[in-house]
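Working notes for the structure below.
The values are calculated or read from the model by the stated rules, or taken from the named source; none is laboratory data. Nothing here was measured: the structure is a model prediction, and the numbers come from that model. Cβ placement follows ideal geometry from the backbone for every residue including glycine, while neighbour counts extend to all protein chains displayed. All accessible areas refer to the heavy atoms of the entire protein, side chains included, with ligands and DNA or RNA removed. Shrake-Rupley method; radii C 1.70, N 1.55, O 1.52, S 1.80 Å.
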Amino acid sequence: KSWNSGILVEVSVDATNWETAFWSNQGNTATELLHWRVSNNGFTGWRPGVDFVGLYSDVGCTQQISTASTTVTCSGANAGSCSSVKQQAEGSSWRPQCASCLKGEAWVQFALPSNVTVLCVTATNLGQGSAGGKSWNSGILVEVETDFQSDVWETAFQSNQGNTADANSGNAALAEGVQQVLQDQSGAASLNLSNSSAFSKKSAALVAVCGLGVAVVVALLVVG
């Protein structure tokens, strides 16, 4: 038998509730995650129903980045689930917490491996749409988190109309620059697991680590 589906690394502060720290879809190495946030770039006037948010590795929005295993969070939900935006499904949509959303008030956030560059994003009904007798067309804003601990975000690119934005309209080099900073930081942000008799396809290990004076439990799982 053989397999090559990567590893999943999760972190928990209580050993009960877990969040994805980083992952890979092949090999025995996983790298640090980079957070991308997509939000409405203007007042909506009504609560948008967002059916799908697609991330792409090219400016033409043709090479879709898989987000099937990606952790998705959002500003809040009046109806639907944040994770529903990962795939286009009939009758499934996320409706944010705001009844009429101010600029940036409705957002979804994706955690992607830091070596993945997003160059185009589409978000149905978030930048342009109509509902409840209201309509809006102010585009979308795409940001990348440059300092996780301090919650610092920088604009990657944006649009002022429609439901699509790409790197031609923004800072195309920002994401690549952030990736380089992460790679240059002291302390490896990657984890290597070699195959051995101690690990099978469905085996797992718990490792206790300390950071910032807080004990954190990390689970190392083989994906698949």
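Just a few scattered comments:
- Summed over segment 86-124, residues that are in contact with a strand residue (DSSP E or B) (Cβ under 7 Å, 6 or more places away or on another chain), in a loop (DSSP other than H, G, I, E, B) and hydrophobic (A, V, I, L, M, F, W, C) total 4.
- Here W46 meets each of (1) open to solvent by 40 Å² or more (accessible area, probe 1.4 Å); (2) among the hydrophobic types (A, V, I, L, M, F, W, C); (3) closer than 26 Å to D151 by Cβ with one exception, condition (3).
- Verdict on P113 being more than 27 Å from V11 (Cβ to Cβ) and either among the acidic types (D, E) or open to solvent by less than 20 Å² (accessible area, probe 1.4 Å) (or both): no
- Residue among C74, C82 that alone is buried (at least 19 other Cβ atoms within 10 Å of the Cβ), under 24 Å from S130 (Cβ atoms) and touching a helix residue (DSSP H, G or I) at 6+ places or on another chain (Cβ under 9 Å): C74
- The residue pairs whose first member lies in segment 27-52 and is under 14 Å from P113 (Cα atoms) and in contact (Cβ under 8 Å) with a residue 24 or more places away in the chain, whose second member is open to solvent by less than 10 Å² (accessible area, probe 1.4 Å) and of a type in the set (A, V, I, L, M), and whose beta carbons are closer than 6 Å, counting only pairs six or more residues apart or on different chains, are A30/I7; A30/V9; L33/A111; L34/L112; H35/A111; W36/V118; W36/V144.
- Odd one out for R95 among (1) surrounded by 18 or more Cβ atoms within 10 Å (Cβ to Cβ); (2) charged (D, E, K, R); (3) in contact with a Cys (Cβ under 8 Å, 6 or more places away or on another chain): (3)
- Condition met for W46 (of a type in the set (F, W, Y) and under 19 Å from the mean Cα position of the chain (by Cα)): no
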